[in-house]
Amino acid sequence: MKPFGFKVKTGAMVVPSNPAMRLSVEQTPYSIGYVGLGFIEGNIDVVYVAKGKNGPLYAPTRENVRKGTYPISRFLYLVTNGIPESGFLIDRFIDFVKSPVGQVLVEQCGYVAIYPKE
């Protein structure tokens, strides 16, 4: 919001999660919310967004996020308390998530893989 000079309206509803936001938007007439890409499929309308004031509108698709043309996206991070020891469960989990199999699961959940598919 800050790059565009907008402020969140006083009294705006804050919810704790993507599922809660989606449900709130579905149940509240004339509402708008922001959720992760994996939560927009199904019976929900989405807004196309421009990068600039008079620029073209871009749909929130995996391809547009991957290309960087959809302007509202962010990375998801795996945060640990220090560098995980090699071979320990946390290290193995991160390796799995980054693997081709893990990245296929990321895509199946509606998100954008960090590596190109082979």
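Since every read-out is calculated from the coordinates, none of them should be taken as a lab result. Bear in mind that the values here come from a model prediction, so they are computed numbers and not experimental data. Virtual Cβ from ideal backbone geometry, glycine too; neighbours counted across all protein chains shown.
For the chain, lysine pairs with C-alpha atoms less than 15 angstrom apart, excluding pairs fewer than eight positions apart on the same chain, total 5. Note on the chain: with charges restricted to the Cβ of Lys and Arg (+1) and Asp and Glu (-1), its dipole about the Cα centre is near 600 debye. Counting neighbouring beta carbons within 10 Å and listing from fewest to most, the residues 1, 21, 13 come out as 1, 13, 21.
Site-free segments of the chain were taken between chymotrypsin sites (Phe, Trp or Tyr not before Pro) in DSSP loops having at most 14 other Cβ atoms within 10 Å, sites themselves excluded; the longest one is 89-118.
Here's the picture: charge each Lys and Arg Cβ at +1 and each Asp and Glu Cβ at -1 in the chain, and of 110, 8, 43 the one pushed furthest to the positive end of that dipole is 8.
In this rough spin-label picture, where each label sits 7 Å from Cα along the Cβ direction, the residue 45-residue 23 distance is 2.3 nm.
Net charge around residue 84, counting only other residues with Cβ within less than 9 Å of its Cβ (Lys, Arg = +1; Asp, Glu = -1)? Numbers along the way, then the final one.
Working: positive: 92; negative: 85, 91.
Net charge around residue 84: -1.
Multiply the residue gap between residue 9 and residue 81 by 0.36 nm, knock off their C-alpha separation, and tell me the result in nm, one decimal place. Display every interim value, and only then the final one.
Values: separation 72, 0.36 × 72 = 25.92 nm, distance 3.58 nm.
Net length gain for the segment: 22.3 nm.
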